[in-house]
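Heads up: the structure comes next, in structure tokens.
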Amino acid sequence: NRRKKKDDGILEIPSIPNPFPELCCSPFTSVLSASLLPKATSRKKQVIKVYSEDDTSRALEVPSDITARDVCQLLILKNHYIDDHSWTLFEQLTHTGLGRAIEDHELVVEVQSNWVMEEENKLYFRKNYAKYEFFKNPLSFFPDHMISFPSETNAAVSHSGVLQMFLSSSTYPEIHGYLHAKEQGKKSWKKLYFLLRRSGLYFSTKGTSKEPRHLQFFCEFSNSDMYMSLTGKKISGAPTNYGFCFKPNKSGGTRDLKQLCADDEQSRTCWMTAIRLLKYGMQLYQNYMQPYQGRSGCSPLNITPMRSISENSLVAMDFSGHRSRIIENPTEALSVAVEEGLAWRRRGCLRLNSHGSPIAMSDMGMSIHRSQSWFHHKISREEAQRLILQHGLVDGVFLVRDSQSNPKTFVLSLSHGLKIKHFQIVPLEDDGKLFYTLDDGHTRFTDLIQLVEFYQLNKGVLPCKLKHYCARIAL
């Protein structure tokens, strides 16, 4: 009885809850049973391989729900690049000769899951200055002869209004024009009149008729991706070099491709931009407005983004007096920049060779440019055009290369008005000194670096200033 009373006294004390209930189990049950462990909160990891233009690569272990923008952000931070919001992940299908810029919000692992195991497809990390250019300059992307509006809409619609209609759910402008289409299962191409509407892409069976009985459905975009042809006429036998196509997500062969071909670059750009807006809509605008936004945990958002350099973030400063000041007069700023550049060149006009003896700068003019990122050695005209096209046909995208037709000259390849133009840089010798010129000697430069720097500040004889250079980055 005494023991019972003692036990009753113990039971009157409130019981303390066991903080480890999973340990109070049968001796025949494993303590580390999967049903007893807390659910894992970490996401699955997967290794992806990303290439650069010089074919160097880097393997990254990333979560399964990482976006293309997050992968770019990781590579920017790992390689200490400046983030100017133009970095892009590019998907290249080697077997079919197709490629596309992966949208910033797309899941990279999901993109790779659509690849066929036997094909050597690659992901490239590169710049694409035209990624969101249509938000800044819609005039170049939607020519008047290719776009029409619903009958209830006022005919006088501004180009900024065109973008608002693309992003609206109630109205949608119609894109129309001729395209070459590859007939299914055949090698032949047929020129047809196409119309892009919210419900999909159609072609007319009777000329330019838009009557419903003459329209035949060609493709919709929810279960397919749009690619640009990288090989032109080589693989598909297209009539022009401005091809693009639609590939079903789960398809690996060329038999399921719906291939089209435009007559010029402006037409192809208009069609592809309108289809991007139709497929992704407001998501593209969010990508454009929020370049740093990513999924939580996918990118190191706690790290302050690297400062981007743009024309609006740089100011001219004068440090010659006791106090520094901002130079607000553009003419004064330009003259100061030129004077500073000349002073720098005077200070560096004498260099030392391996034996310690001075070398005149004019003797180095033949090779000093070879270390510059914008200079590409003996590449062909077609290769130069391909590089500029990959970087985006934005006004001012350029590179300098050796001339193949004349070994002593150079060529400036420049994008302007959705076209790629080539300008010959000719060396001149005057009074024993070597100069370079673009305008038959009216403006002379001691080396190619000085020439490029001048045309980055002045348009001169070029259709626009040099703005973005094509570079072969390394990872």
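The values are calculated or read from the model by the stated rules, or taken from the named source; none is laboratory data. This structure is a prediction, so every number in the text was calculated from the model and none was measured. Heads up, the Cβs are rebuilt from the backbone with ideal geometry, glycines too, and the neighbour counts pull from every protein chain shown. Please note that ligands, DNA and RNA were not included when accessible areas were found on the heavy atoms of the full protein model with its side chains. Shrake-Rupley method; radii C 1.70, N 1.55, O 1.52, S 1.80 Å.
Answer with yes or no whether residue 47 is among the β-branched types (Val, Ile, Thr), farther than 17 Å from residue 387 by Cα, at pLDDT 90 or above and loosely packed, with under 14 Cβ neighbours inside 10 Å. Spelling it out, residue 47 is indeed among the β-branched types (Val, Ile, Thr), farther than 17 Å from residue 387 by Cα, at pLDDT 90 or above and loosely packed, with under 14 Cβ neighbours inside 10 Å.
At least 1 residues being open to solvent by 70 Å² or more (accessible area, probe 1.4 Å) and either within 20 Å of residue 96 (Cβ to Cβ) or outside the structural domain of residue 270 (by the TED database) (or both) is the threshold, and among the strands (runs of 3 or more DSSP E) wholly inside the stretch 177-253 those reaching it are 242-248. Of the helices (runs of 4 or more DSSP H) lying entirely inside the stretch 55-168, the ones with 1 or more residues being of a type in the set (S, T, N, Q) and within 25 Å of residue 45 (Cβ to Cβ) are found at 68-79, 108-112. I'd like to know if the stretch 109-118 contains one or more residues that are within 30 Å of residue 398 (Cα to Cα), in contact (Cβ under 8 Å) with a residue 12 or more places away in the chain, crowded, with 16+ Cβ neighbours inside 10 Å and not charged (D, E, K, R). The answer is no; no qualifying residue exists.
Residues checked against (1) over 20 Å from residue 93 (Cβ atoms); (2) out of contact with any His (no Cβ under 9 Å at 6 or more places or on another chain):
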{"site": "105", "(1), (2)": "yes, yes"}
{"site": "117", "(1), (2)": "no, yes"}
{"site": "123", "(1), (2)": "no, yes"}
{"site": "139", "(1), (2)": "yes, no"}
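For the stretch 417-439, the count of residues that are under 21 Å from residue 272 (Cα atoms) and surrounded by 16 or more Cβ atoms within 10 Å (Cβ to Cβ) is at least one.
Note on the stretch 363-405: residues that are small (Gly, Ala, Ser), open to solvent by less than 60 Å² (accessible area, probe 1.4 Å) and either modelled with pLDDT under 90 or part of a loop (DSSP other than H, G, I, E, B) (or both) amount to 5.
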